[in-house]
Amino acid sequence: MEMLEKKTKKEKRKGLILTLVLIAVLAYQYTAYAQDGIAGINEANQKVRSYFAAGTNLMYAVGALLGLIGAIKVYQKWNAGDQDTGKVAAAWFGSCVFLVVVATVIQSFFGV
């Protein structure tokens, strides 16, 4: 129990003062490295907008690739005489349309 002695008010005050001095020194040191927040936000905004055009083109390419794969799958089912050919064609076509519509709507909604 001797190790768990209670701190006196004087010791607590010393610890508090030391902590405050340390915080003040660190705050002073890092104020030289501070930057304008608005400039950083604007730079991030421009970078994200520049990536969006490439992302839209990528979505169009994935849609085209899915369209080709879907066309091959539907053709195989049609030649095999499967009854659910129309259902599979609608699903593949819907996937391609969804990708194109999402890219276009996001582009027009956010004005990118």
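Some notes on this structure:
- With θ taken as phi - 60° and the Karplus curve 6.51 cos²θ - 1.76 cosθ + 1.60 applied, the whole-hertz 3J(HN,Hα) list for the stretch 37-52 is x, 5, 5, x, 5, 5, 5, 5, 4, 5, 5, 5, 5, 5, 6, 5 Hz, x standing for glycine and proline.
- Full extension of the chain between residue 13 and residue 47 yields a length gain of 7.3 nm, computed as 0.36 nm times the residue separation minus the alpha carbon distance.
Any read-out appearing in this document is the output of simple, stated calculations on the displayed coordinates, not a laboratory observation. In this text, all values refer to a predicted model and were calculated from it rather than measured experimentally.
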